[in-house]
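J.: I have a structure here, written as structure tokens, and I will follow up with some questions on it.
The values are calculated or read from the model by the stated rules, or taken from the named source; none is laboratory data. Every value quoted in this text rests on a predicted model; they were computed, and no experiment measured them. Positions of Cβ are generated from backbone atoms using ideal geometry, with glycine treated the same way; all protein chains shown enter the neighbour counts. Just so you know, the surface numbers come from the protein's heavy atoms only, side chains and all, with ligands and any DNA or RNA stripped out. Shrake-Rupley method; radii C 1.70, N 1.55, O 1.52, S 1.80 Å.
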Amino acid sequence: MMRINALVEQSPAPRDSKPLPVLGIDLLRIFAALSVVAFHLGFKALNDSDGLIATMTALEPRVPVSWPLIWWGWVGVQIFFVVSGLVISFSACSARATGARFVRSRVLRLVPAVLIAAVFAFVVEILFFDMPVAKAVVLWVKTVTFFPLPPWLMGQFWTLGVEIGFYVVVLALVILRRQTWLPALGYLAIGLCGAYWAARIAGGGTDPFGRITQLILLQHGTYFGIGILLADMNRRGSNHWPAIIAGLAVAAVQIRISAGWEAGAAGLQGYWPVAFAVFALTVGFTAIALRYNATVHAALTPGTAQAIRTAGLMTYPLYLLHNHTGKPVIVLAVDMGVPLTLAVILAIAVSILAAWVVARFLEPRVYVAVASVYDSVKKAVRPPATVNS
């Protein structure tokens, strides 16, 4: 998937040595992606009154018996935001970072998998979910052009707009050569996010500009801020734990409210401390993974380390594809008399297999094609060099 990867995940190392990939970050990605997949396919699709089971099978919606293990899986999105804050900070602070390289790396990170997933989702929506072709075409165009406002072919696509909002802010620092301001950005993101949620709660809990406040990072800035500060502690040895703890407090508020949106219909909003505990533990895990990355590499065989890296690279296509690979499998399996629990397990397995195929075979080829187009367009629009007489 990303053999020419733009996500530079590294531990501090001498400039003449090759940075070690942070395997703990790959493990964190795997955990976050599987949590989201299990939540969508094993909980939300079964429980929602207008979800998959209610609308496409003869079964009644129900809270699955496995709910304690998966209902909090939506917090995987917040974990992904922390990972993004972390790895983008490393990328922006690399010795070779320029505005042009940063933009190219982001385009090549996001676009290939989206093109593949959008084509697949387009076909599934028409053939399986009976979406009108004209509507599917409009949503496909919105998806592949990264249009910031919903709807899209994939509901989970909302997070990419938030990610891009973060990239734009970091890009500004890279262009200005002010990467040293990144810790200040982390503090600012946490502070503004906290102020937003305080104001929203004081105002009755609603936000008429919800998508806009997502895109400008007011709703989720604390997660990117935590990632930025974790990276800076690892890179420079700074102590940002007081600010990270403040960020966790803001995250607790956001997660408590999100629990109502994601699991309130099942009566599980009161269990939000569980979701927060999962998230807080991953923050601690991230700090440990950064600190002991070299030790982990020394303890693992090259084959094991490569397997972890490969699984980590599968998480982006898995996140994009799982609803359109897993949900049809659940419906078809249930229609054939397969027990619902087994149908969900099968759907998750098929989704993982599809993500592996994309990451191993399809995405590298699309990556090369997108890189070629991007570089050709950039060359065509570049102003001609002036020749001094």
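J.: If you consider only alpha-carbon coordinates, what radius of gyration and Dmax does the chain have, in Å?
T.: Calculated on Cα positions, Rg and Dmax stand at 21.3, 81 Å.
J.: Please compute the per residue accessible area over the chain with all protein chains in place, 1.4 Å probe, rounded to a whole number of Å².
T.: Result: 46 Å² per residue.
J.: How tilted is helix 340-357 with respect to the longest principal axis of the chain? Cα atoms for both, answer in degrees (0 to 90, nearest 10).
T.: Here the helix axis deviates by roughly 30 degrees.
J.: Determine the shape class of the range 77-126: with a ≥ b ≥ c the square roots of the Cα gyration tensor eigenvalues, call it rounded for a/c under 1.5, and otherwise prolate if a/b is greater than b/c, oblate otherwise.
T.: In terms of gyration-tensor shape, oblate.
J.: Take Thr295 and Arg96, extend 7 Å from each Cα along the Cα→Cβ direction, and tell me the distance between the two endpoints in nm.
T.: Label at Thr295, label at Arg96, 3.1 nm between them.
J.: What is the angle, in °, between the Cα long axis of helix 23-39 and the longest principal axis of the Cα atoms in the chain? Nearest 10 is fine, range 0 to 90.
T.: It works out to around 30 degrees.
J.: In addition: How large, in percent, is the carbon and sulfur part of the accessible surface of the chain at a probe radius of 1.4 Å?
T.: 69 percent
J.: Could you bin all the Cα-Cα distances of the range 321-378 into 10 Å bins starting at 0 and give me the percent of pairs in each, rounded to whole numbers?
T.: Spelled out per bin, shortest first, that is 24, 32, 21, 15, 7, 1.
J.: Which distance in nm do the two modelled labels at Val107 and Gln179 give, with both placed 7 Å along the Cα-to-Cβ direction?
T.: 2.1 nm
J.: Quick one: what do you get for the range 155-291 if you divide its Cα Rg by 2.2 N^0.38 Å?
T.: 1.09
J.: Considering Cα pairs under 8 angstrom that are at least six residues apart, work out the relative contact order of the range 311-366 and quote it in whole percent.
T.: Contact order relative to length: 48 percent.
J.: Could you state the orientation-averaged shadow area of the convex hull built on the Cα atoms of the range 103-184, in nm² to one decimal?
T.: Average projection, Cα convex hull of the range 103-184: 6.0 nm².
J.: Give the long-range amide H neighbours of Met131: residues separated by 5 or more places, or on another chain, with amide H under 5 Å away, using H modelled in the peptide plane at 1.01 Å from N.
T.: It is Ile126, by chain and number.
J.: From the phi of every residue in the range 76-86, what ³J(HN,Hα) in whole Hz does the Karplus formula 6.51 cos²θ - 1.76 cosθ + 1.60 yield, where θ is phi - 60° and glycine or proline is x?
T.: x, 5, 4, 5, 4, 5, 5, 4, 4, x, 5
J.: Please list 274-280, 366-372 highest first by mean number of surrounding beta-carbon atoms within 10 Å per residue.
T.: Ranked by mean Cβ neighbours within 10 Å, highest first: 274-280, 366-372.
J.: Quick one: grab the alpha carbon gyration tensor of the range 15-98, order the square roots of its eigenvalues as a ≥ b ≥ c, and give me rounded if a/c is under 1.5, else prolate or oblate depending on whether a/b is larger than b/c.
T.: Prolate shape, in that a/c is at least 1.5 and a/b is the bigger ratio.
J.: Right, something else. Each label point is 7 Å from the Cα along the Cα-to-Cβ direction; what then is the distance between the points at Leu332 and Gln306, in nm?
T.: Label-label distance for Leu332 and Gln306, simple model: 3.3 nm.
J.: Given the DSSP H assignment, sum -39500 (n - 2.57) over each helix run of at least 4 residues in the chain and divide by its residue total; what's the result at 222 nm in deg cm²/dmol, nearest 500?
T.: My calculation for the chain gives -23000 deg cm²/dmol from helical runs alone.
J.: Additional query: For Val141 and Asn239, calculate 0.36 nm times their separation in residues minus their Cα-Cα distance, and state this gained length in nm to one decimal.
T.: Once the chain is fully extended between Val141 and Asn239, it gains 30.8 nm.
J.: Using the Karplus curve 6.51 cos²θ - 1.76 cosθ + 1.60 with θ = phi - 60°, what ³J(HN,Hα) values do you get for each residue of the range 156-163, in whole Hz, with x for Gly and Pro?
T.: Taking θ as phi minus 60°, the curve returns 6, 5, 4, 5, 5, x, 5, 4 Hz for the range 156-163.
J.: For the range 101-111, what does the Karplus curve 6.51 cos²θ - 1.76 cosθ + 1.60, with θ = phi - 60°, yield as ³J(HN,Hα) per residue in whole Hz, taken in order and with x for Gly and Pro?
T.: 5, 5, 4, 4, 5, 5, 4, 6, 6, 8, 6
J.: Measure nothing fancy, just the Cα-based angle from helix 302-335's long axis to the longest principal axis of the chain, in degrees from 0 to 90, nearest 10.
T.: Between helix and principal axis, roughly 30 degrees.
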